[in-house]
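Asks: My questions all concern the structure below.
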Amino acid sequence: MTDDRLTATQRFVLLVLMAEARELTNAELSAVAGIKLDGKPRQQLNDLGLVDSTRIGRAYVHELTDRGAVWCTEELAADRPARSGGAGGTLYTVLAGLRRHLDESGHTLADVFRPNVAGQVESAYTELSRGKGTPIRLAILRDRLDGVPADEFDRALGLLARREGVHVRSEADQKTLTAEDADAAVVLAGTARHLLMIEVPR
């Protein structure tokens, strides 16, 4: 396809978008993989139809296209990029192993890589609480992650609630609850919960 025209960083961006299975900003790309996509490299991936980049405020949000997903599938059998170093060689060895697994199992990349909703909830919580560990209403979190289906959000909260230092609680003063709070509540152990609090490590 377009291999000869893509830099190692562009390839890595495509593979990270595949693995995360969601839209990512440059800040998120940097946090996840230490890379970013801007300027001519971004425009090239957009022009090739591999990535859609939408400007929100002063930042771009990048999403893998269907054509980009096809590229990623084909890249599993590709040689590692020139001058990609030991890290690139290791990555492409893992990709080759993944290709063998897919071929033998009949699965697709979509079966393997699914959105890490629990991680998205945790990141949104940290941003909203400014890292202070204060309780945040689930209604606010759901609004922040409005692209996440309700059942996946609920499942993620159930997973988070099992972790030490994570608390999914009911509102003690029920009179303060709004209709939005009631709609956003998640039921755990038969009890409606309205707040998320994640303790800050000391």
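The values are calculated or read from the model by the stated rules, or taken from the named source; none is laboratory data. All values reported here derive from a predicted model rather than from experimental measurement. Positions of Cβ are backbone-derived with ideal geometry, glycine not excepted, and every protein chain shown enters the neighbour counts. Just so you know, the surface numbers come from the protein's heavy atoms only, side chains and all, with ligands and any DNA or RNA stripped out. Shrake-Rupley method; radii C 1.70, N 1.55, O 1.52, S 1.80 Å.
Asks: How about the range 115-140: which of its residues are open to solvent by 50 Å² or more (accessible area, probe 1.4 Å) and either in contact with a helix residue (DSSP H, G or I) (Cβ under 6 Å, 6 or more places away or on another chain) or under 13 Å from L157 (Cβ atoms) (or both)?
Replies: E122, R137
Asks: Could I ask something else about it? When the residues of the range 40-68 are filtered to those that are at pLDDT below 95 and among the small types (G, A, S), which remaining residue is surrounded by the most Cβ atoms within 10 Å (Cβ to Cβ)?
Replies: The qualifying residue surrounded by the most Cβ atoms within 10 Å (Cβ to Cβ) is A59.
Asks: While we're on this one: Across the range 158-199, what is the number of residues that are open to solvent by less than 50 Å² (accessible area, probe 1.4 Å), out of contact with any helix residue (DSSP H, G or I) (no Cβ under 6 Å at 6 or more places or on another chain) and outside any strand (DSSP E or B)?
Replies: 7
Asks: On the given criteria, is V112 in contact with a helix residue (DSSP H, G or I) (Cβ under 7 Å, 6 or more places away or on another chain), within 24 Å of A69 (Cβ to Cβ), without any contact (Cβ under 8 Å) to a residue 40 or more places away in the chain and surrounded by 12 or more Cβ atoms within 10 Å (Cβ to Cβ)? Talk me through it step by step, then tell me what you get.
Replies: On the way: in contact with a helix residue (DSSP H, G or I) (Cβ under 7 Å, 6 or more places away or on another chain): no; within 24 Å of A69 (Cβ to Cβ): yes; without any contact (Cβ under 8 Å) to a residue 40 or more places away in the chain: yes; surrounded by 12 or more Cβ atoms within 10 Å (Cβ to Cβ): yes.
Criteria not met by V112.
Asks: Out of the residues in the range 79-125 that are modelled with pLDDT of 90 or more and not in a helix (DSSP H, G or I), state the one that is nearest to R142 (Cα to Cα).
Replies: It comes out as F113.
Asks: Test A156 against the stated conditions and say whether it is among the small types (G, A, S), closer than 26 Å to P201 by Cβ, modelled with pLDDT of 90 or more and under 19 Å from the mean Cα position of the chain (by Cα).
Replies: Values: among the small types (G, A, S): yes; closer than 26 Å to P201 by Cβ: yes; modelled with pLDDT of 90 or more: yes; under 19 Å from the mean Cα position of the chain (by Cα): yes.
So A156 fits the description; yes.
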